[in-house]
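Some notes on the structure that comes next.
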Amino acid sequence: MKILLLYQRRWFLIYLPLLLLLCAAVVTILWVWKPLPPQRVVIGTGPGQSSYLELARNYAARLENLGIQADIVAHDRPQEALDRMAAGGGRIDVTFAQGLYAPKGAAVQALAVVGHEIVWVFAREGIDHLDQLRGGRVAASVEGSSNRIAADLLLRHAGLAQDEVAFTDDVGDSAIDAITTGRVDAVVHVATGDSQTAATLARLDGVRLLGVERAGQLASREPRLRALVMPQGSIELRANLPAADLPTMVTQTHLMVREDLHPALQRALVDVAGELHVMSGFLEGQGIYPTAIGSNYPVSPVARKALRGGRPWMETILPYGIAQWAELVLYALLPVGLAGTMLLLRAPRYIDWRVDAAILHFYGELKFLEEDLSRHPDPARLRAAARRLVLLEQQVDKMELPDRYADRWYTLREHLHQARTRVLTSPQTAPQTIPQT
């Protein structure tokens, strides 16, 4: 392309492509490399009577203090939110899951273990051991629920085959009514220590809380369960419930997220978990939770690092929302802006380079001619050099340069004219053969 045309269209041919390149870099940063965390998350929970619903509300309140809007989506069954997240269907960002449901696929990760839930086993008076349920009926919710999974594990541990026990789908108030009326012989209920269903069952006449024999042996074979001793009187001291130390099983409660959830949001959730779960719960020691130790699910690398105190230094000195913008500006937008400014300022040098290359081409030709003549000053070479100089002058005359380079153009013409004059005035050059411009 001609230099003058390039100079006249420099805004479209140089500056506009650079600006588009900078815009593409900013878009890539904001959408791919370092996007800002979303301002809204969806927390999936179980039905209205689920303890997870209240826990989700507590998380939502804390997240809103950080400027993150939390939408709570309830499901008919507690495990449905985890199933949707694992399957990738629907938009569920956060949920809570018992270890009994592990594993649920690679699409979900645990941020932390935030507590545990007890496998409550209540039986009618006269049943002291799990193996006495052979031929009986057990209320353990529907197939695939944590109640049913726990019941299967406990009964198999007691030496009972699956077909030796009849299961019913009763749960909650329905299970209470079933054991009260004698429709079932036992109830298996996986819930936290403040479960209203467990509290009601523990105080029913003719119903007793069963322990799990060889609980440690079961825990060693089944990583989704942990052995724990329920101290005498821990449920209610005045009524002495339970009446003796009772070996029982617990399953851990996990804070779960999508694998691709923004790292900053993961750290925010870890911080909220630290605020909500640091105090001790029923049969929980203070300061144990949240933790990444012993998780039944793969733990997010971001959460594991955050639980050890590792996080961007901006988040340690600035509020959550401001820290994300500050980090984006400092590490991404500012370097791109500086680099873009330097490119735009240096863009005119491209035209200078094109002009330099064109002018240096003629000076190179001139130098070559002068050196050749200095070594071989014979008439034939002088006449050829004179013709070549005439052609060079004609080419320079046709050059179209911007006005700002006029001085260099005139200087080049002057040098070519002087060289041609020296050749013409050489005594070895025949005048009749000298070309004229």
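Numerical summary
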| quantity | calculated |
| --- | --- |
| Options VAL184, VAL171, VAL190; residue that is within 11 Å of VAL138 (Cβ to Cβ), of a type in the set (Val, Ile, Thr), touching a residue at least 24 places away in the same chain (Cβ under 8 Å) and surrounded by 18 or more Cβ atoms within 10 Å (Cβ to Cβ) | VAL184 |
| Scan of region 34-84 for residues that are part of a helix (DSSP H, G or I) and open to solvent by 60 Å² or more (accessible area, probe 1.4 Å), ordered by number | GLU54, ARG57, ASN58, ARG62, GLU64, ASN65, ARG84 |
| All positions within region 1-33 that are modelled with pLDDT under 80, under 17 Å from the mean Cα position of the chain (by Cα) and open to solvent by 40 Å² or more (accessible area, probe 1.4 Å) | LEU30, TRP31, VAL32, TRP33 |
| Selection status of ARG226, of a type in the set (Lys, Arg) and either in contact (Cβ under 8 Å) with a residue 40 or more places away in the chain or buried (at least 16 other Cβ atoms within 10 Å of the Cβ) (or both) | yes |
| Inter-residue pairs, beta-carbon under 6 Å, first touching a residue at least 24 places away in the same chain (Cβ under 8 Å) and in region 405-423, second of a type outside the set (A, V, I, L, M, F, W, C) and surrounded by fewer than 20 Cβ atoms within 10 Å (Cβ to Cβ), 6+ apart | LEU416/GLU393 |
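The values are calculated or read from the model by the stated rules, or taken from the named source; none is laboratory data. On a predicted model such as this, the values are computed, not experimentally measured, just so you know. When we count neighbours, we look across all protein chains shown, and the Cβ atoms used for this are built from the backbone with ideal geometry, even at glycine. For accessibility, only protein heavy atoms count, side chains too; no ligands or nucleic acids. Shrake-Rupley method; radii C 1.70, N 1.55, O 1.52, S 1.80 Å.
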